[in-house]
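The values are calculated or read from the model by the stated rules, or taken from the named source; none is laboratory data. Please read all numbers here as calculations on a predicted model, not as lab measurements. Virtual Cβ from ideal backbone geometry, glycine too; neighbours counted across all protein chains shown. Calculation scope for accessible area: heavy atoms of the full protein, side chains included, ligands and nucleic acids excluded. Shrake-Rupley method; radii C 1.70, N 1.55, O 1.52, S 1.80 Å.
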Amino acid sequence: MIDDLGLLVSRLAVGLSYASHGAQKAFGWFDGPGPQGAAGFMESLDLSPGAQYATLASYGEIGSGLAIALGLGGPIGPAVVLSGMVVAQTTVHAKNGFYASKGGIELGVLYSAAALAFASSGYGALSLDRLFGLDRKLRHPALTALAIAAGVAAGYAVLGQRDDSPPPGTLATPTIKGEHNGQPSDPKPASTAT
């Protein structure tokens, strides 16, 4: 019973915290930016249209966080968390190092570790999955592996949609390796005939 209580408290802490990040974006709750601020932020990350990506992030965070808190849906909620963490850590936090105090990846690593733990171990007896008899069906190793892989792949698919082209009005200058102004960049000295 203590194991199930520990899982319940952990699920509530992780799931509700994660859902609150989505509520910040979707509704402006908890000193969040709201939908317009979130859309502008997504645009600044080269995720365009920003409103679409902000909505996807907001409701993905709310839905997956609540699924974890309630213990519902087996590895699906954790897989959505992993997807969001791939995007957030790559676009925002990786450049800042590890620690959260400097805006680094620390919090994302903790959310990802918790998501992997819930996906692989299940939600315990005090969960809606157990109440509805879904826990054994949703804990199949193949389903868990597929959900985790799909979550990570979805994150990278979003990253692949980033528009990192130069801003309008700027020219990108192609670089041809080995040439500078039409001349070899490392000319060999002319041999002297004697």
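Multiplying the residue separation of S120 and D31 by 0.36 nm and removing their Cα-Cα distance gives an extension gain of 28.7 nm.
With every protein chain in place and a 1.4 angstrom probe, the accessible-area ranking of D46, D31, largest first, reads D31, D46. Springs between alpha-carbon pairs under 10 angstrom, Gaussian network model over the chain: which of P49, P78, P166 fluctuates most? Of P49, P78, P166, the Gaussian network model singles out P166 as fluctuating most.
Each peptide in 141-153, 91-103 was scored by the mean count of other Cβ atoms within 10 Å over its residues; highest first, the order is 141-153, 91-103. When the chain is treated as a Gaussian network with alpha carbon springs shorter than 10 Å, the biggest mean-square fluctuation among T170, T90, T55 belongs to T170. Relative to the longest principal axis of the Cα atoms of the chain, helix 34-44 runs at roughly 30 degrees.
Of the Cα atoms belonging to segment 1-89, the radius of gyration and Dmax stand at 13.9, 47 Å.
Rolling a 1.4 Å probe over the heavy atoms of the protein chains gives the chain an accessible area of 61 Å² per residue.
Between S10 and N96, the simple spin-label model (points 7 angstrom out along Cα→Cβ) gives 2.6 nm. Placing R0 at 30 angstrom, the Cβ-Cβ distance between L143 and T170 gives a FRET efficiency of 0.05 after rounding to 0.05.
Here segment 107-177 is treated with +1 on each Lys and Arg Cβ and -1 on each Asp and Glu Cβ, and its dipole about the Cα centre works out to around 220 debye. Measure off, as a whole percent, the carbon and sulfur share of the 1.4 Å-probe accessible area of the chain, all protein chains present. Ligands and nucleic acids excluded, carbon and sulfur reach 65 percent. Each stretch of four or more DSSP H residues adds -39500 (n - 2.57); spread over every residue of the chain, this sum gives -19000 deg cm²/dmol at 222 nm. Taking a straight Cα-Cα cut-off under 19 Å and skipping sequence neighbours fewer than 8 places away in the same chain, the aspartates and glutamates within cross-link reach of K95 are E43, D46, E106, D163, D164.
One entry in [x] 34, 20, 18; [y] 45, 21, 15; [z] 28, 20, 14 is semi-axes √(5λ) of the Cα gyration tensor in Å calculated from the shown coordinates; its label is [y].
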